[in-house]
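*Asks:* A single structure is presented below for examination.
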Amino acid sequence: MKHKIIIIAISLACVSTVLMARSSGYGSANVMSEIEYVPVTHSEPVYSKITKNIPREVCQDQQIAVQQQSGGNSIIGGLVGAAIGGVIGHQIGGGSGKVAATIGGAALGTMAGQNADQDTQTSYQTVRRCFTQYDTQADTVITGYMNYGKFHGRDIAKTSSQPLKEIKVTSSFSF
């Protein structure tokens, strides 16, 4: 009987130590895992929209003004202008101012004759200008599949890159 009491006392001490260790976070709980494969009832594709910028070259012809100066003989223009300016200046002036008016008219006539002899012409040139323009294109693509099944009366779903035949389910139990 003494031995039975000692064995019971030791057993109670061990059990109480284990229970205290578990309740205070020490020790480890027993975990059991089970893997099951649930058949897929149906799969649906998952779509996403993607946007692409597609470059294209656009060219346009434009008219550009080009100015060209054609120079004649500016010496001849200056001499003719000086002669005409001198004659007009001589007609305007009177007395001693006649000489000054003739010289002034000749000088102005020289400048006018030289400028009149130079002719500026405008011509147009066709120039092609090109630039890149972007067109936006939206596409809808399949990015994956949503697979559905039933596990113990509950609906489950899992995404994947391809349709699945089964869904792997891991059940864990702690005790």
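*Asks:* Determine which member of the set Thr143, Thr122 is over 30 Å from Ser33 (Cα atoms), modelled with pLDDT under 90 and in a strand (DSSP E or B).
*Replies:* Unique residue meeting the criteria: Thr122.
*Asks:* Just name the residue that is modelled with the lowest pLDDT out of those in region 12-54 that are charged (D, E, K, R) and closer than 24 Å to Ser172 by Cα. Give the steps one after another, and end with the answer.
*Replies:* Looking only at region 12-54, we keep the residues that are charged (D, E, K, R), and these are 22, 34, 36, 44, 49, 52.
Now drop any that are not closer than 24 Å to Ser172 by Cα, which leaves 22, 34, 36.
Numbers: Arg22: 53, Glu34: 89, Glu36: 92.
For region 12-54, the residue satisfying everything is Arg22.
*Asks:* Oh, and also: Taking region 142-157 on its own, how many of its residues are surrounded by 10 or more Cβ atoms within 10 Å (Cβ to Cβ) and either without any contact (Cβ under 8 Å) to a residue 40 or more places away in the chain or under 44 Å from the mean Cα position of the chain (by Cα) (or both)?
*Replies:* Final tally of qualifying residues: 10.
*Asks:* Taking region 158-175 as the search range and keeping residues that are of a type outside the set (S, T, N, Q) and assigned to a strand (DSSP E or B), which one is farthest from the chain's Cα centre (by Cα)?
*Replies:* If we filter region 158-175 for residues that are of a type outside the set (S, T, N, Q), which is where we start, we get 158, 163-169, 173, 175.
Those left that are additionally assigned to a strand (DSSP E or B): 158, 166-169, 173.
On the way: Lys158: 35, Glu166: 42, Ile167: 41, Lys168: 42, Val169: 44, Phe173: 52 Å.
Only one residue tops the list, namely Phe173.
The values are calculated or read from the model by the stated rules, or taken from the named source; none is laboratory data. The structure displayed is predicted, hence computed values, not measured ones. When we count neighbours, we look across all protein chains shown, and the Cβ atoms used for this are built from the backbone with ideal geometry, even at glycine.
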